[in-house]
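What follows is a short report on a single structure.
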Amino acid sequence: MAAVAGGGAGGSAGASEADWGRLAKSVTGRLLRPGDAGFQDGSAPFNRRYTRTVPTGVLNAADVADVRQAVRWARETGVPIVPRGGGHSYGGYSVNSGLVLNLQALGSVTVDGSTGLVVTGGGALTEAVYTAVAPHQAVFPLGNGATVGVAGLALGGGSAATSRALGLTADTMVRTEIITADGESLVCDAEHNTDLFWACRGGGGGNFGVNVSFTFQAVPIADVSTFLLLWEGPDALKVFEVAQEVMRRAPDAFSARLGASRSAGTGITVSAIGLHLGPSAELRELLDPLLAVARPFREDIADRTFWEGKDYLAHETSAGAFAVRTHFAAEPLPPQAVATALEQLDRWPGGGNPDGCGMALFGWGGAINRVDPGSTAFPHRDAHYLVSLDTSWGEQDSPALVEANLRWLTDLHDSLTPWTTGGSYLNFADPDLADWRTAYYGANYDRLLAVKRRVDPDGLFTFPQGIGA
């Protein structure tokens, strides 16, 4: 559920109806205004928590020339502009109150089977990339949501079930083309505009311009095995203790997501789901300590093709409003921390969203941690676990219940702070995070700020958690 981030909080001051008409006439794509057919599709936030943010215009860019024109127009008029790929920003940053630049027409994907190089447009979605690479039996790390934009995923780091073996999505990026605030195109790679290339690998989307294309290095992929294990809540403490050790000690070919969750009217369910780049016999051996500590009420371990495996792991968040807060942990959460979190889950205030609430630990380490924290903009290279905490509510739930959910989530987040690194995951944007500069970027923030001031000195691309904000 990652997205191309961006979008200022300001309105469209300085832009007259004549200005908007001039933009419409200067582009090939269609400019939509409130009330136009299709406007809602390009302006609705993925997270329904942010439905009050409505843009003044949505440009369905037809090509890169439209992107350049829109950027120049926004600079001239002072209208805030935000690029939107998949639109999955957890923090609502793929929508603003000015101009939303919808990039989905820039969704092409081409694959060179001889080199494994994959070239995508800035609006390409995950499922389109999978469809293109499948005939070549090659892959690079991608998320598990079919409609997630590749741009936002890669620009914010990008974690996948293959990341312990292959690294982050950003680590496989070898080139990007970006339209900067002056409306010009810059090619960024290891030899050209190297500081901006560094910033685009983990510095977040919407900060430095509009990325209109990417090149990734894919590698051959063979058959895999997958697993899904479910336990009742009373088994949670012993499952978490053993599962975290399994996750930490496993070879890079193994990945897992460990979770505890509940929804309205239900108790806690514990889950472990994941992928192994090897046969199920190996996978079962890796899972034996976990299967021995508590017998799951559901056990599914199977050999699959990689493509069947990625479908098995696919997940789409239910419609509605939600909030997510994250930590990174370098060591397993001790029993005291897990017990504290489970007590918090028991006190969840409830809500009308079927997603409910939960805590999930994604296994990191492996190839992710073999990259120096300063060699890309993504700094969290000591993490063995991404700890994701979430709550959700229905759009018809009362303001008091929404506020209770947010207080509950903050309490859960704060209760785990003593056992974590102080970092947070940019792609799970958290608008309620106070010290987000350090939490997202660590020691890399000052260098990111220097790049920002060079390529966007007037702050055309700005939003509440944007570089330089």
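Computed over the alpha-carbon pairs of region 44-90, the distance histogram in 5 Å steps reads 4, 18, 25, 24, 16, 10, 1 percent, short to long. By the helix-only formula, in which each DSSP H run with n ≥ 4 contributes -39500 (n - 2.57) and the sum is divided by residues, the chain has a 222 nm mean residue ellipticity of -8500 deg cm²/dmol.
Using just the alpha carbons, could you tell me how many Å³ per residue the convex hull of region 96-242 encloses?
Cα-based convex hull of region 96-242, divided per residue, equals 160 Å³.
Quantify how much of the Cα-Cα distance distribution of region 257-404 extends past 22 Å, in percent. Display every interim value, and only then the final one.
Working: 5760 of 10878 pairs.
In whole percent, the long-distance tail amounts to 53.
Using all pairs of distinct alpha-carbon atoms, the Kirkwood hydrodynamic radius of the chain works out to 22.5 angstrom. Net length available on complete extension from N369 to A37 is 114.8 nm, with 0.36 nm assigned per residue and the Cα-Cα distance removed.
The GluC sites (Glu not before Pro) of region 134-196 that meet both conditions, a loop assignment by DSSP and at most 13 other Cβ atoms within 10 Å of the site Cβ, are E184, E191.
Computed over neighbours whose Cβ is under 13 Å from that of G145, the net charge equals -2, Lys and Arg +1, Asp and Glu -1. The orientation-averaged projected area of the convex hull spanned by the Cα atoms of region 275-330 comes to 6.5 nm². Here region 173-216 is treated as a sphere whose radius is the Kirkwood value from Cα pairs; by Stokes-Einstein at 4 °C and 1.567 mPa s it diffuses with a coefficient of 128 µm²/s.
For region 17-102, taking the reciprocal of the average inverse distance between every pair of different Cα atoms yields a Kirkwood hydrodynamic radius of 12.7 Å. Mean 1/r over all different Cα pairs, inverted: what Kirkwood radius does region 171-274 give, in Å? Roughly 17.6 Å, rounded to one decimal.
Exposure proxy check: L342, L286 ranked by fewest other beta carbons within 10 Å? Don't skip to the answer; put the middle values down first.
Numbers: L342 17, L286 21.
The fewest-first ordering by Cβ neighbours comes to L342, L286.
What percent antiparallel are the DSSP beta bridges of the chain, to the nearest 5? Display every interim value, and only then the final one.
Details: 70 of 78 bridges.
The antiparallel fraction comes to roughly 90 percent.
If you take the square roots of the eigenvalues of the alpha-carbon gyration tensor of region 357-469 and sort them as a ≥ b ≥ c, do you get rounded (a/c under 1.5), prolate (a/b over b/c) or oblate? It would help to have the intermediate numbers written out before the result.
Working: a/c = 2.60, a/b = 1.30, b/c = 1.99.
Judged from the Cα gyration tensor, region 357-469 comes out oblate (a/c at least 1.5, b/c at or above a/b).
Just so you know, all these numbers are worked out from the coordinates, no wet-lab data involved. As the structure is a computational prediction, the values presented were derived from the model and not from experiment. Note that each Cβ is placed from the backbone with ideal geometry, even for glycine, and that neighbours are counted across all protein chains shown.
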